[in-house]
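To start, the structure itself, in structure tokens.
The values are calculated or read from the model by the stated rules, or taken from the named source; none is laboratory data. These numbers were taken from a predicted model, which means no experiment stands behind them. With ideal geometry, Cβ positions are generated from the backbone for all residues, glycine too; neighbour counts draw on all protein chains shown. Quick note on the areas: whole protein, heavy atoms, side chains included, nothing else; ligands and nucleic acids left out. Shrake-Rupley method; radii C 1.70, N 1.55, O 1.52, S 1.80 Å.
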Amino acid sequence: MPSVKFIAHDGQETEVHVAAGTNVMHAAVDNGVSGILADCGGACSCATCHCYIDEAWQDRTGSPDDVEEQMLDFVMELKPNSRLSCQIVVDDSLDGLVVHLPEKQI
Amino acid sequence: MSDEHAVIIGASHAAAQLSAGLRQGGWEGRISIVGAEAIPPYHRPPLSKDYLAGDKHADELLIRPATYYEQQGIDLVLGSRVTRIDRAGKEIELHDGGRIPYSKLALTTGAHVRKLDIAGGELDGVFYLRDLNDVDRIRAYVGPGKSAVIIGGGYIGLETAASLRKQDMAVTVLEAMPRVLQRVTAPEVSAFYSRVHAEEGVNIITDAQVQAIEGGAGVEGVSLADGTRIAADLVIIGVGVIPATELAEAAGLEVNNGIVVDEYARTSDHDIVAAGDCTFHYNPIYDRHLRLESVQNATDQAKLAAGTLCGKLEAYNALPWFWSDQYDLKLQIAGLSQGFDRVVMRGDSETGRSFAAFYFGGDRLLAVDAVNRPKEFMSVRRALGQGQSADPALLADESADIKAAFS
Ligand SMILES: Cc1cc2nc3c(=O)[nH]c(=O)nc-3n(C[C@H](O)[C@H](O)[C@H](O)COP(=O)(O)OP(=O)(O)OC[C@H]3O[C@@H](n4cnc5c(N)ncnc54)[C@H](O)[C@@H]3O)c2cc1C
Ligand code: FES
């Protein structure tokens, strides 16, 4: 099972293991990692699952599609490595993924 | 160890958020969620979308896995219907006679489907769509070449039509009003959805007066007052919901088009909070009392309710928003359009599949229906949340940056 490491805004790290095919939002929510709200449950409609992909992983997670891009434009503290975590599916190629969480979602 | 016990009735969106919120807010006592359905809280919106279309598995619907509740010390009492609240004795009574004492109680009982009193309504193959269990039963009737009639052209009816078309069924939608989505959108938006559904092969009949559902052993068709008869292997009725207030009412709590709550999600008994589809609450942004059927409201109100039970009062001040996915259309709605007197269109709703309809009441922007326009949706969410106003001319001007329209 691939692992994902979440690093909260205050530096606290949580590593979780998820079944391949799980999205990053669920990896956080299902394991009680706070900092991701995910109000729409992954429908790409709320932008409350904002995260930053660690620079070392950016190439492998790909880039956001048009809908995600437009939603991202409105998150707090947009950065070049901003993503909506519900849109990233963890497979074996992302084993060890490092994700940073923003201070606030809204 | 505290001997306090927070009991939540209903196990869905509001309950999931409320229980998590209690722990985050420092509630140290017991927490129990008692729900009539047999599974932990799950995402209801996919029921008429990805799940009905067969693109999502039941496991993927859970809001949080069962292990989360275990880890947080939240007891799930599932498949259990609460039959009575004893406020004097501070206990709830279950269908099997069991009793659970509470120190604080939360009502997240949601809504029941409105039943249609119609001949043939009890036939095999006739369904309402609210719970996972409903969809699991419906799916046995779904298949290529079979036909479905959907009674009700609201969001759920139209989403259901789209999901069934995806599986190559012949689909007819019967709407009693002159246009689909009549109660919730402008004529332009209704016309857009009618056109797209027609393009996708759905037969929409408006001003339809359903007379009877016909059949023998199982459903065979639906007949209309004008003599039309439409064949059907499956009939799905989606004509709205009514708030689940029966427990609250019997317990003597104030009920008026929902369980009446104050801005802190408290009912008329301050040891009892309520959140979600079952509530009638005040919204300061629109300065009126509302009953909403949305995940946003269930979640936002549940957060407040949890805070209230933890002794941290925070007043409700959330902007309503909603979404609906059909075919390749991603509709996102921010605000409430009721009472609008003008609609400003951005983009082409008559031939294209991407536009936004901005609703105004006088000079005031009330809401947006944005189809495949996340940017317009998010702009309005932000602007209304911050009390900004909007310039209709700039909203209508596609060459102008949408963000420039707000100040
Ligand atoms: C098919 C469908 C599609 C939808 N799509 C969207 C969408 O795209 N976007 C959106 O924002 N909203 C959508 N909604 C609405 C959204 O699902 C609801 O607003 C939301 O589920 C409300 O959550 P709730 O917790 O208030 O109540 P509910 O989800 O209604 O849950 C209430 C629960 O309480 C239980 N219960 C009731 N009485 C008792 C009792 N006496 N004892 C024990 N348990 C009891 C019920 O069994 C139920 O499980 C959709 C709804 C449906 C049905
Ligand atoms: S969970 Fe709502 S956009 Fe990701």
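Report for chain B the percent antiparallel among DSSP-assigned beta bridges with both residues inside it, nearest 5.
60
Starting with the highest mean, order B:85-95, B:2-12 by the number of other Cβ atoms within 10 Å, averaged over the residues of each peptide.
Result, highest mean Cβ count within 10 Å first: B:2-12, B:85-95.
Nearest-5 percent of antiparallel DSSP beta bridges in the protein assembly as shown?
Once the DSSP bridges in the protein assembly as shown are tallied, antiparallel ones form about 60 percent.
Please compute the average number of Cβ atoms from other chains found within 10 Å of each residue's Cβ in peptide A:34-41.
Partner Cβ neighbours, averaged per residue: 5.
Using a probe radius of 1.4 Å on heavy atoms only, what accessible surface per residue do you get for the stretch A:3-100? Whole Å² is fine. Show your work: numbers first, answer last.
Details: 4130 Å² over 98 residues.
Each residue of the stretch A:3-100 exposes 42 Å² on average to a 1.4 Å probe.
Sequence neighbours fewer than 8 away in the same chain don't count; with that in mind, list the aspartates and glutamates whose C-alpha is under 12 Å from B:K375.
Those aspartates and glutamates meeting the cut-off are A:D66, A:E68, A:E69, A:D73, B:D401.
Sum -39500 (n - 2.57) across every DSSP H segment of at least 4 residues in chain B, then divide by the residue count to get the 222 nm mean residue ellipticity, nearest 500. Kindly include the intermediate steps, with their values, before the conclusion.
Working: 9 runs with 86 residues, N = 407.
After summing the helix terms and dividing by the residues of chain B, the value is -6000 deg cm²/dmol.
Averaged over B:248-258, how many beta carbons belonging to a partner chain fall within 10 Å of each residue's beta carbon?
Partner-chain Cβ atoms within 10 Å, mean over residues of B:248-258: 0.
Could you report the accessible area of B:R137 in Å², rounded to 10, computed with a 1.4 Å probe on the protein chains as they sit in the structure?
Roughly 110 Å² of B:R137 is accessible to a 1.4 Å probe.
Give the accessible area for B:D50 in Å² (nearest 10); use a 1.4 Å probe, count only protein heavy atoms, and leave out ligands, DNA and RNA.
Its accessible surface works out to 60 Å², give or take rounding.
Keeping all protein chains in position, work out how much accessible area A:M76 exposes to a 1.4 Å probe, and write it in Å² to the nearest 10.
Per-residue accessible area (A:M76): approximately 80 Å².
I'd like to compare B:327-333, B:179-185: which one has the highest average count of other Cβ atoms within 10 Å, and what's the full order after that? All intermediate terms of the calculation are to be shown ahead of the outcome.
On the way: B:327-333: 21.3, B:179-185: 18.9.
With the highest mean Cβ count within 10 Å placed first, the list reads B:327-333, B:179-185.
Return the aspartates and glutamates within reach of A:K104: Cα separation strictly under 12 angstrom, same-chain partners fewer than 8 residues apart disregarded; answer none if there are no such residues.
Straight-line reach from A:K104, under 12 Å: A:D10, A:E77.
When Cβ neighbours within 10 Å are restricted to other protein chains, what is their mean count per residue of peptide B:373-380?
If you average over the peptide's residues, the count of other-chain Cβ atoms is 5.
Compute the relative contact order of chain B as a whole-number percentage, counting only Cα pairs closer than 8 Å that sit 6 or more residues apart in sequence.
RCO, chain B: 14 percent.
Rounded, prolate or oblate, given the Cα gyration tensor of the protein assembly as shown, with a/c below 1.5 counting as rounded?
In terms of gyration-tensor shape, rounded.
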